[in-house]
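The values are calculated or read from the model by the stated rules, or taken from the named source; none is laboratory data. Bear in mind that the values here come from a model prediction, so they are computed numbers and not experimental data. No Cβ is skipped: glycine too gets one built from the backbone with ideal geometry, and neighbour counts run over all protein chains shown. To get the accessible areas, we keep the full protein, side chains included, count just its heavy atoms, and leave off ligands, DNA and RNA. Shrake-Rupley method; radii C 1.70, N 1.55, O 1.52, S 1.80 Å.
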Amino acid sequence: MFGLMMDQPLLISSVLEFAAKYHGESEIVSRTVEGPIHRYTYADAQSRSKQLAKALQALGVSEGDRVATLAWNGYRHYELYYGVSGMGAVCHMINPRLFPGQISYIVNHAEDSVVFTDLTFVELLEGMVSELGTVKAFVVMTDEANMPETSLPNVHCYETLLAAQDDDYTWPVFDENTASSMCYSSGTTGNPKGVLYSHRSTVLHAMASLAPDMLNISARDSFMPVVPMFHVNAWGVPYSVTMAGAKLVMPGMEMDGESLHELIDGERVTLSAGVPTVWLGLLDYLEKSGKSVDSFKYCVIGGSATPRAMSVAMEENHGVHVLHAWGMTEMSPLGTVNWPKHGMEDETEEARYDRQVKQGRPCYGVDMKIVNDDNETLPEDGEAFGELKVRGFWVCSQYYKGEGDSHDDDGWFATGDVATIDAGGYMHITDRSKDVIKSGGEWISSIELENIAVGHPGVFEAAVIGIGHPKWDERPLLVVVRNEGSELTAEDLISYYDGKVAKWWIPDDVAFVDELPHTATGKLLKMDLRDRFEDYTLPTAE
Ligand code: ADP
């Protein structure tokens, strides 16, 4: 017997429709690429997204076509999120920080038919246009006054396209499993692989991420996603914040400490989200300027491990509570967020900071387990570590065009992360499976060693890689960028580990460098570091 409840498909357009109706006056504030701050409301955004849907039809875009974006966080990009998916096409957010060869690969692989670009990336596209075989039109996301001279063929101006349409448009209703958008994983090995989200997975992910134990968003918040909209849908924030009817603040391309502070303070931001690197910039600015961020209550940090020292500095110096989060492109991306549970009210400050080093626990909708090399499930005791596998409502079932083989026969997705899970369900990433250091048959977590190093006041950034060792197979080398003016030595750092980790985990040596290599999504590029230190001989190997 079936229940007798309405069977309405979960469609992305319904999210904006809701916000425009019940939070029509709530603001979307954007720092534009052209310079000025732009403000409008959800009601305006809905109206313009409908104009955009009609403009896309006029350009010949139809259901299922892929429409690419190369753009920062701003209101026009937001309109593309809703306009493209809402009319039944697929919004493909491209990370402009990838190498040009990867970008053209991705455009061709996705077979994008139209590319929307911010002014910033016009030149980048001009340099690769001859390689983009499927693209029929380019749209520069600006107005006539700012339209650049460009050699791009079939090029349009965004505002001119919209001005030619009215907003008399009804969002079409279709199957909720229809593809809505896509992102490519950054591909530290091999070619990037496409993840194709559906309306259903996107709406479920947004509904779940609103919850108090996830991003904790309500209509009383002002949320600034610093994580770019080209990096896994800005962690779903353009959907979840809209669903909550909260104020949305978009930082555009300025992500330095001063620019972020100006928006946090001016727009009374209560919540924000981004990778650790951007918060280093904000912390540094606050310290030097003596300014405060009194509206700012919660900061979601993920994408890379949040060092303990960052949680402490945010909380104690600025009153911002850090929510350590973990996820990945293949998971839309949210998997876990670190909140305490009932019964933890008496947790000491120290215990809380220790807990915050973990990536957190999943919400309903995500299931996790850790397995050994034989795919046998390991105990969840906070000690055993193995490869983390996941499944759930917003986890990819396969890559676009069936590439890769990351799923086992039971449908679990192998994340490539190595983790522990404790009895309370708190997951702790100890490494990427390819970065873990294998010393004498045992594993050493490079992330844990890095977290400790960045807790030293003389350290700006740190990476730990395994170096070949005649006796132990591999031993850890700590590679460090010193803080300005610091005269820290290798001996200082090595003794800093005393009592913090098992003796055999302590790095064998320290190398000081001016800069560490990063991927397009701000993660340490350990592959490059390993290449650079390929011939390095550890003092313990002699
Ligand atoms: P990419 O585009 O680089 O694949 P993702 O955001 O999909 O970007 O990267 C996902 C990976 O990032 C995870 O599998 C994990 O290795 C790493 N990651 C994400 N959040 C965290 C975190 N809080 N701590 C440690 N690693 C993290």
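Under 5 Å between amide hydrogens, built in the peptide plane, is the criterion, and for M93 it picks out T69, M182 among residues at least 5 positions away or on other chains. Basic side chains Lys and Arg get +1 at the Cβ, acidic Asp and Glu get -1 at the Cβ, and with that the dipole of the chain about its Cα centre reaches some 1040 debye.
By accessible area, using a 1.4 Å probe on protein heavy atoms only, segment 270-352 has 51% of its surface on carbon and sulfur. Roughly how large, in nm² to one decimal, is the mean projection of the convex hull of the alpha-carbon atoms in segment 174-333? One quarter of the hull surface, i.e. the mean projection, equals 9.8 nm².
Computed over the chain, relative contact order equals 10 percent, with contacts defined as Cα pairs under 8 Å that lie 6+ residues apart.
Helices in the chain, meaning DSSP H runs of at least 4 residues, each add -39500 (n - 2.57). Divided by all residues, the mean residue ellipticity at 222 nm is -8000 deg cm²/dmol.
Would you mind classifying segment 7-80 by shape? Square roots of the alpha carbon gyration tensor eigenvalues, ordered a ≥ b ≥ c; an a/c under 1.5 is rounded, otherwise it is prolate if a/b is larger than b/c and oblate if not. Taking the square roots of the gyration eigenvalues as a ≥ b ≥ c, segment 7-80 is oblate. Modelled spin-label separation between D7 and N146, with each label point placed 7 Å from Cα along the Cα-to-Cβ direction: 4.7 nm.
Using only side-chain charges placed at the Cβ, +1 for Lys and Arg and -1 for Asp and Glu, the dipole size of segment 451-542 relative to its Cα centre rounds to 400 debye.
Per residue, the convex hull spanned by the alpha carbons of segment 30-115 comes to 88 Å³.
Taking a ≥ b ≥ c as the square roots of the Cα gyration tensor eigenvalues, with a/c under 1.5 meaning rounded and otherwise prolate when a/b beats b/c, else oblate, which class fits the chain? Prolate shape, in that a/c is at least 1.5 and a/b is the bigger ratio.
Ignoring lysines fewer than eight residues from K500 along the same chain, the ones with Cα atoms less than 26 angstrom from its Cα are K358, K434, K438, K471, K523, K526. Over segment 302-355, the reciprocal of the mean inverse Cα-Cα separation, the Kirkwood hydrodynamic radius, stands at 12.3 Å. Peptides 277-286, 295-304 ranked from most to least packed, by the mean per-residue count of other Cβ atoms within 10 Å: 295-304, 277-286. By DSSP, the beta bridges lying fully in segment 119-217 are antiparallel in about 60 percent of cases. Would segment 253-302 count as rounded, prolate or oblate if I go by the C-alpha gyration tensor, calling it rounded below 1.5 in a/c and otherwise prolate when a/b exceeds b/c, oblate otherwise? Since a/c stays below 1.5, the shape of segment 253-302 is classed as rounded. In the full protein context, the chain carries 41 Å² of accessible surface per residue, based on a 1.4 Å probe and ignoring ligands, DNA and RNA.
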